[in-house]
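Q: Pasting a structure below so you can have a look.
What follows is calculated from the coordinates using simple rules that are stated; it is not laboratory data. What you are looking at is a predicted structure, and each value in this text was computed from that prediction instead of being measured. Ideal geometry is used to build each Cβ from the backbone, glycine not excepted, and the neighbour counts take in all protein chains shown.
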There are 2 protein chains.
Amino acid sequence: MKIYPVIMCGGSGTRLWPVSTSRTPKQFVNLVSDTSLFRQTVARLAPGEDGLDLAPPIVISNARYLDLINAQLEADSISPLAILLEPCARNTAAVAAVAADFVGRIDPKGLVLLLPSDHFIGDPGAFRKAIIDAIAVAEAGRIVTFGISPDRPETGFGYIKAGEPIGPSAHAVSSFREKPNHVTALSYLADGNYSWNAGIFMFPANLMCDELETHAPDVLASVKSALDKTKPDGLVHQIDEAAFSEVRSISIDYAVMEHTKNAAVFGPLSCAWSDVGTWPAVGDLQTSSGPVQPVLIDAENCTIHSEQGTLIAALGVEHLVIAVHDGAVLVMSKSRAQDVSLVIDALKARGLTDKF
Amino acid sequence: MKIYPVIMCGGSGTRLWPVSTSRTPKQFVNLVSDTSLFRQTVARLAPGEDGLDLAPPIVISNARYLDLINAQLEADSISPLAILLEPCARNTAAVAAVAADFVGRIDPKGLVLLLPSDHFIGDPGAFRKAIIDAIAVAEAGRIVTFGISPDRPETGFGYIKAGEPIGPSAHAVSSFREKPNHVTALSYLADGNYSWNAGIFMFPANLMCDELETHAPDVLASVKSALDKTKPDGLVHQIDEAAFSEVRSISIDYAVMEHTKNAAVFGPLSCAWSDVGTWPAVGDLQTSSGPVQPVLIDAENCTIHSEQGTLIAALGVEHLVIAVHDGAVLVMSKSRAQDVSLVIDALKARGLTDKF
């Protein structure tokens, strides 16, 4: 069976403002190395000596990012199989439906590997080995999720509870759990059967269509209708706006995963994964604060991100994020890293749409 | 008697980096209003209906600031009496000697009003009234200092202890005290006879020459020699470098004021004075954080200084200075405001001479 990687890159990553903006979101920025998370995601899926042999990538994103996608693919000489452009955001059930229906039309027996483009994976070899080993699980008729071994009581992620074993490193899913509070997260960590939900899925295209037909038939029907009305321009499919805007906005977890009997969790993976979700998470990964080394005097536990031509000096401060990008400076307590959207809200209220 | 204001503007104000730099120091920057402290100082000395009638200003500075001085004087259509340029910094005794000797040569009976250009005075009328009232004290043969009524146990200023009264609002000086520690500063505040030393002096030119002759004859001789060798170019006197570099570097307080029997203190003045010495002091005076209003969310007691085209957002922080200027960003605890020189030292060590 052929495996079709579908890379989701339509998000806007507001928690990493001012570097991540709606014009150039997180996944397209060189945040933690000299290449973008999107380019790293694509590179991680290339054919290799380890036997992983995926189809060329299918990119699914928002229409406004077409130029960025083309430029970054061309920079690495990548020819995608297709670029599917949503005219508006309709959450992850719609994305999964587009991926499953599109792949099902070109290869009814194909597997879909659906994955975010804005995560970091420090050990791509371990990640690829997990993909290879999980193929048999998906082929056997499962929607495979990938679990990450938790190393702290993180309250910002969803968790997956493993059920009975169904193969090497594979379990049926006992339950999906939304972002827990701190005490619940501690209990998950102690339990040992919970892993973080990395948001990566592998499934037979037709199985996902069947599950959507069962659990969210309206979403599937609207997406099918939208794709029927879409006229491709070469590799680029601008999904029909009128039809797609009718799709109900719901996550794939709520729409399918929490109801299906065919969910599996593979792992937990030890591939040095990070969702790069907040500035402190960037700080944990970055090898440099930017092109100009900052001046740090009695500055403890600070995450600093600078840009060409800007010198940052920090004196007598601790637990801060200091990020400078394109005429904007963010100074924030690390403890407030989840609240950057409050800044975006303030900018919206002032009509400063060029600033976020 | 004619009074000659001599405005000192050769300092470099490193504690207000990155706005104040050696190229454009504090006194020439629009820090707390839409005009510079230097321009405000000059404007404060203009002829007025209150009867204050000073000679045009004599400016004394470092040679590198000639262009800034000319531009700022021209902006206000001010014609100075002279611009005296030191080739190198030799502390305030040298400045007082230059002022006294220069004025003594053009008007042996003249009074000198020697004053810094980097302080803020919120009530210029009260300041001018004090100058007018102090003229008689100086004419009677005193070196008059101006005391500021202390409103807190400041450890960053020198203090003047008043002795016996010698006229309305005028006392002989009992003693000068260097920057005290906190406990000593508290005792000065409780005592009631201490005032802050504003660094403003008024004296007969020839009296200062006599005092220098008595207490620091080498300084006076070196300065006289340097001025003898200086050839003016119009109003501009580039003081002879070889001779002036021989002048001993010592403050006027150490060289003369602590020894003379003719010191007087006038005041204390209530003219809303600030030395604008640190970023928190700027924060106490500023009416705006810059051309782009910052986004402040749970940001308490922060001093923010921005520039055209830069947006600062602060989230969940307190007691910080955030200052952005010309490719440099300072984030500092207010409690470390006296230590900005440590940043300059680090930049020097890296050879980043264009940054300070």
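Q: Per-residue counts of other Cβ atoms within 10 Å, averaged by peptide: what ranking do you get for A:345-353, B:307-315, highest first?
A: B:307-315, A:345-353
Q: Where Lys and Arg each count +1 and Asp and Glu each count -1, what net charge lies around residue B:65 among other residues with Cβ under 11 Å from its Cβ?
A: So the surrounding residues net to 0.
Q: Something else: So who's got an amide H within less than 5 Å of the one on residue A:200, skipping anything under 5 residues away but keeping other chains? H placed 1.01 Å off N, in plane.
A: A:146
Q: Once the label point is set 7 Å along the Cα-to-beta-carbon vector, what list of distances in nm do you get between residue B:43 and its counterparts in the other copies?
A: Copy-to-copy label distances for residue B:43: 5.7 nm.
Q: Turning to a different aspect of this structure: Mind giving me the FRET efficiency for residue A:349 and residue A:126? R0 is 45 Å, r the Cβ-Cβ distance, nearest 0.05 is fine.
A: Plugging the Cβ-Cβ distance into 1/(1 + (r/R0)^6) gives 0.50.
Q: Shifting gears a bit: Quote the relative contact order of chain A in percent (integer), defining contacts as alpha-carbon pairs under 8 Å separated by 6+ residues.
A: 21
Q: Then there is this: Under the rule of at least 5 residues apart or a separate chain, name every residue whose amide H is placed under 5 Å from the amide H of residue A:276.
A: A:120
Q: Which whole number gives the average, over all residues in B:267-278, of C-beta atoms from other chains lying within 10 Å of the residue C-beta?
A: The per-residue average across the peptide is 0.
Q: Could you name the lysines in cross-link range of residue A:334, using Cα to Cα under 20 Å and dropping any fewer than eight places away on the same chain?
A: A:26, A:179, B:334
Q: Let me ask another. Please work out the C-alpha center-to-center distance from the stretch B:215-278 to the stretch B:151-201 and express it in whole Å.
A: 22
Q: Okay, next question. Can you list the distances in nanometres, one decimal and ascending, from the residue B:284 label point to the identical position in each other copy, with the point 7 Å along Cα to Cβ?
A: So the label point of residue B:284 gives 4.4 nm to the other copies.
Q: Over the whole of B:330-336, what's the average partner chain Cβ count within 10 Å per residue? Rounded to a whole number, please.
A: So the per-residue partner count for this stretch is 6.
Q: Karplus couplings for the stretch A:290-307 from phi (6.51 cos²θ - 1.76 cosθ + 1.60, θ = phi - 60°), rounded to Hz, Gly and Pro as x?
A: x, x, 10, 4, x, 9, 10, 10, 6, 10, 10, 6, 10, 9, 10, 10, 10, 9
Q: Ok, one more. Semi-axes of the equivalent ellipsoid for chain B, please: Cα gyration tensor eigenvalues, times 5, square-rooted, ordered largest first, whole Å.
A: 33, 25, 20
Q: To the nearest whole number, what is the average tally of beta carbon atoms from other chains within 10 Å of the beta carbons of peptide B:305-314?
A: 5
Q: Among B:332, B:294, B:305, whose Cα lies farthest out toward the positive end of the dipole of the stretch B:279-355, if unit charges sit on the beta carbon of Lys, Arg (+1) and Asp, Glu (-1)?
A: B:332
Q: So what is the calculated 222 nm ellipticity per residue for chain A, using -39500 (n - 2.57) for each DSSP H run with n of 4 or more, over all residues, to the nearest 500 deg cm²/dmol?
A: Mean residue ellipticity at 222 nm (helix-derived): -8500 deg cm²/dmol.
Q: Gaussian network model of chain A, Cα springs within a sub-10 Å range: biggest mean-square fluctuation belongs to which of A:149, A:174, A:187?
A: A:187
Q: I'd like the Karplus ³J(HN,Hα) series for the stretch B:313-327: coefficients 6.51, -1.76, 1.60, θ = phi - 60°, whole numbers in Hz, and an x wherever there's a Gly or Pro.
A: 10, 10, 9, x, 10, 8, 6, 10, 9, 10, 10, 10, 7, 6, x
Q: Given a Förster radius of 60 Å and the C-beta distance between residue B:341 and residue A:236 as r, what FRET efficiency does 1/(1 + (r/R0)^6) yield to the nearest 0.05?
A: My answer for the efficiency is 0.55.
Q: Taking the Cβ of residue A:124 as the center, what net charge do the other residues with Cβ under 14 Å away carry, scoring Lys and Arg +1 and Asp and Glu -1?
A: Here the count lands on +1.
Q: Remind me, relative contact order of the stretch A:100-253 in percent, using alpha carbon pairs under 8 angstrom and six or more residues apart?
A: After rounding, I find 28 percent.
Q: I'd like to verify something in chain B: which complete DSSP H helices, judged by Cα projection on the helix axis, reach 24 Å or more and average at least 0.0 on the Kyte-Doolittle scale?
A: none
Q: Taking amide H positions as placed 1.01 Å from N in the peptide plane, with prolines and chain starts having none, which residues 5 or more places from residue A:269, or on another chain, fall under 5 Å of its amide H?
A: Here the answer is A:147, A:148, A:149, since their amide H atoms fall under 5 Å of that of residue A:269.
Q: So if I take the centroid of the Cα atoms in the stretch B:279-325 and the same for the stretch A:85-131, what is the distance between those two points in Å?
A: Distance between centres, Cα-based: 44 Å.
Q: Here's another thing I want to ask about it. Once Rh is set to the Kirkwood radius over Cα pairs, what Stokes-Einstein translational diffusion coefficient, in µm²/s, holds for the stretch B:279-355 at a temperature of 20 °C and a viscosity of 1.002 mPa s?
A: The Stokes-Einstein estimate is 162 µm²/s.
Q: Among B:195, B:61, B:249, determine the one that fluctuates most according to a GNM of chain B built with springs between C-alpha atoms less than 10 Å apart.
A: The residue that fluctuates most here is B:249.
Q: Residues with beta-carbon under 12 Å from that of residue A:284, excluding residue A:284: net charge, scoring Lys, Arg +1 and Asp, Glu -1?
A: Its environment carries a net charge of 0.
Q: A follow-up question, please. Only Cα pairs under 8 Å and at least 6 apart count here; give the relative contact order of the stretch A:163-309 as a rounded whole percent.
A: 22
Q: When the Cα atoms of the protein assembly as shown are enclosed in a convex hull and the volume is divided per residue, what value in Å³ results?
A: 188
Q: Tell me the label-point distance for the pair residue A:34, residue B:187, using the 7 Å Cα-to-Cβ offset, in nm and rounded to one decimal.
A: Spacing of the two 7 Å Cα→Cβ label points: 6.2 nm.
Q: Then there's this: Taking only Cα atoms and a 10 Å spring cutoff, compute GNM fluctuations for chain B and point out the largest among B:158, B:192, B:147.
A: For chain B, modelled as a Gaussian network with Cα springs under 10 Å, the answer is B:192.
Q: Also, quick follow-up: Treating the point 7 Å from Cα along Cα-beta-carbon as the label, what are the nm separations from residue B:228 to the other copies, to one decimal?
A: In nanometres, ordered from closest: 10.6.
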